[in-house]
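What follows is one structure encoded as C-alpha cells, with my remarks underneath.
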Amino acid sequence: MRVILLGCGTSTGVPIIGCNCSTCTSNNPRNKRTRTSVFIQTHKKNIIVDTSTDLRFQALTYGITRIDGVLYTHSHADHTHGIDDLRTYNFINKMMIPCYGDPKTVATIKMNFRYIFDGSYAAGGKPQLEITPITDEMDFHGIKITPIEINHADWMIYGYRIGKMAYLTDCSGIPERSMRRLEGLDLLIIDALRYTPHSAHFSVNQAVDYARRIKPGISVLTHMGHELEYDELSRKLPEGIMPAYDGMEFELDEA
Ligand SMILES: [Zn+2]
Ligand SMILES: [Zn+2]
Ligand SMILES: [Zn+2]
C-alpha cells in the first residue's frame with residue numbers, strides 16, 4: 001500500500017498570499033504546502049481523501065492519472081474546491097467516480113456544487129460523480145475503509161482508517177469510541193495547525209499527546225500553518241513523530 005501526502009498545508013496554503021514571515025519567505029521546499037489531501041494506492045485501486053483546492057497541481061506534480069474513489073472528510077472549502085478537476089479523470093479513466101462521506105458532508109457538497117448533482121446543468125463540462133453517504137465501515141473493491149468520527153470545533157467529521165494507516169485531518173478531539181478504532185497503526189497522519197491552541201484544530205502539543213496515546217509506528221503532522229517552520233518543528237518533535245511535507249511518501253504492508 002502506497003501513501004502520498006499530496007498537500008499538508010492549512011486552508012490558506014503556505015506561503016500565505018502577502019505574508020513576509022520567515023516561513024512564508026523560506027527557500028526550503030518543505031515550507032511550501034498545498035492544501036491538505038492524501039493519495040492511497042492499494043489493491044491496485046487509487047483513492048484520494050478530499051479534493052483540495054490544489055488538486056490539479058498535486059495530480060500533475062505526483063503523476064496521478066487514475067482515481068477510483070474519493071473519500072471526503074468534511075465540506076470545508078480547502079477540502080472540496082478541487083472537485084471540478086475530477087472531470088479530467090472521467091475522460092481519461094472513462095468512468096463515473098464514486099465519492100463518499102458522512103451524511104451531512106454529502107448533503108452540503110450536493111448543495112455547494114449543485115451544478116454537478118442536480119441534473120439541471122445540461123451543457124456538459126461538469127464532473128460525473130456519484131456521491132453516497134456512509135455511516136460505517138465499507139468494502140471498496142476488497143479494501144476495508146473505516147470512517148473514524150473526530151471533532152472539528154463543534155462538528156463531528158470523518159477521518160479514515162485504511163489498513164494500518166489512519167488519516168485524521170481537521171481534528172480538535174477524538175472520542176473514546178474512535179480511539180478504539182485506532183489501535184495497531186503503522187502510520188498515523190494527524191492535524192497540527194500551529195503551536196498555540198485553536199478551537200477547530202489540534203496544536204502541536206495536542207497532536208503529540210494523541211500520537212503518544214495511539215502509539216502508531218510513525219506519526220506525521222499535517223494541515224500546518226505558517227507558524228510551523230519545517231526544520232524548527234522537526235528538531236522539537238520527539239522520536240517517531242515528524243512534520244509532513246508535500247510529496248512525503250510511505251510504503252506500508254497491506255493489512
Ligand atoms: Zn482544512
Ligand atoms: Zn507567513
Ligand atoms: Zn475544516
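The values are calculated or read from the model by the stated rules, or taken from the named source; none is laboratory data. This one's a predicted model, so the numbers in the text were calculated from it and none came from an experiment. Because the Cβ atoms are built from the backbone with ideal geometry, glycine has one as well, and the counts that use them run over all protein chains shown. These accessible areas exclude ligands, DNA and RNA; they are computed on the full protein's heavy atoms, side chains included. Shrake-Rupley method; radii C 1.70, N 1.55, O 1.52, S 1.80 Å.
Sort through Gly69, Gly101, Gly82, Gly13 and tell me the only one that's under 16 Å from the mean Cα position of the chain (by Cα) and within 16 Å of ligand 2 (Cβ to nearest atom).
After ruling out the rest, the residue left standing is Gly13.
Tell me, yes or no, whether the stretch 100-110 has at least one residue that is at positive phi and surrounded by fewer than 19 Cβ atoms within 10 Å (Cβ to Cβ).
Looking for residues that are at positive phi and surrounded by fewer than 19 Cβ atoms within 10 Å (Cβ to Cβ), one finds none in the stretch 100-110, hence no.
Hey, can you tell me all the residues within the stretch 1-15 that are touching a His at 6+ places or on another chain (Cβ under 8 Å) and more than 14 Å from ligand 1 (Cβ to nearest atom)?
Listed by number, the list holds a single entry, Pro15.
How do the helices (runs of 4 or more DSSP H) wholly within the stretch 1-118 filter down when requiring 1 or more residues that are away from ligand 3 (no atom under 16 Å from the Cβ): which remain?
In the stretch 1-118, 55-62, 86-93, 103-112, 114-117 are the helices (runs of 4 or more DSSP H) which contain 1 or more residues that are away from ligand 3 (no atom under 16 Å from the Cβ).
Identify all residues within the stretch 172-220 that are polar (S, T, N, Q) and touching a Ser or Thr at 6+ places or on another chain (Cβ under 9 Å); write none if there are none.
Ser172, Thr196, Ser199, Ser203, Gln206
For (1) touching a residue at least 12 places away in the same chain (Cβ under 8 Å); (2) away from ligand 1 (no atom under 15 Å from the Cβ); (3) out of contact with any Phe, Trp or Tyr (no Cβ under 9 Å at 6 or more places or on another chain), each residue gets a yes or a no:
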residue	(1), (2), (3)
Ile17	no, yes, yes
Asn20	no, yes, yes
Cys24	yes, yes, yes
Asn27	no, yes, yes
Gln41	yes, yes, yes
Asn46	yes, yes, no
Asp54	yes, no, yes
Ile67	yes, yes, no
His74	yes, no, no
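Which of the residues that make up the stretch 111-135 are in contact with a strand residue (DSSP E or B) (Cβ under 8 Å, 6 or more places away or on another chain), open to solvent by 90 Å² or more (accessible area, probe 1.4 Å) and free of Cβ contacts under 8 Å to residues at least 24 places away in the same chain?
Result: no residue meets the conditions.
Name, by its number, the condition in (1) within 16 Å of ligand 1 (Cβ to nearest atom); (2) out of contact with any strand residue (DSSP E or B) (no Cβ under 7 Å at 6 or more places or on another chain) that does not hold for Ile150.
Single failed check for Ile150: (2).
Kindly provide the set of residues from the stretch 163-196 that are assigned to a strand (DSSP E or B), surrounded by fewer than 21 Cβ atoms within 10 Å (Cβ to Cβ) and not small (Gly, Ala, Ser), ordered by number.
Passing the criteria: only Leu187.
What single numbered condition from (1) of a type outside the set (A, V, I, L, M); (2) touching a Pro at 6+ places or on another chain (Cβ under 8 Å); (3) open to solvent by 10 Å² or more (accessible area, probe 1.4 Å) fails to hold for Tyr160?
Every condition holds for Tyr160 apart from (3).
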